[in-house]
Amino acid sequence: MIPVMGMGLILGKKYSQSKYVCVGVITTGVALFMMKPQKAVADQKDDTLMGIVLLLFSLLCDGCAAGRRGTLFANKTDALKEEA
């Protein structure tokens, strides 16, 4: 949610205050859940780092795609109106 909103802001999209509150609450909840203590495993550290890298890459791609989607659909709608 944060990457999508971030890319939206970069592309000039405006969000209501309630959207920011919802994203903040959801992000805080997920962060608290992920930070709960777990049993340590020796090989888990390498997997965790790779998982974080892949997660960040996925979030970046999701933010870029969602931010551009609105622009692409708006252009397509305008083109369809011109054809009619």
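When residues of segment 1-34 are filtered for being polar (S, T, N, Q) and under 21 Å from S58 (Cα atoms), how many remain? Of the residues in that region, 2 qualify. Exactly one residue out of A66, A31, A40 is modelled with pLDDT under 80 and either touching a strand residue (DSSP E or B) at 6+ places or on another chain (Cβ under 9 Å) or assigned to a helix (DSSP H, G or I) (or both): that is A66.
The values are calculated or read from the model by the stated rules, or taken from the named source; none is laboratory data. Computed from a prediction, not measured in an experiment: that's the story for all the values here. Ideal geometry is used to build each Cβ from the backbone, glycine not excepted, and the neighbour counts take in all protein chains shown.
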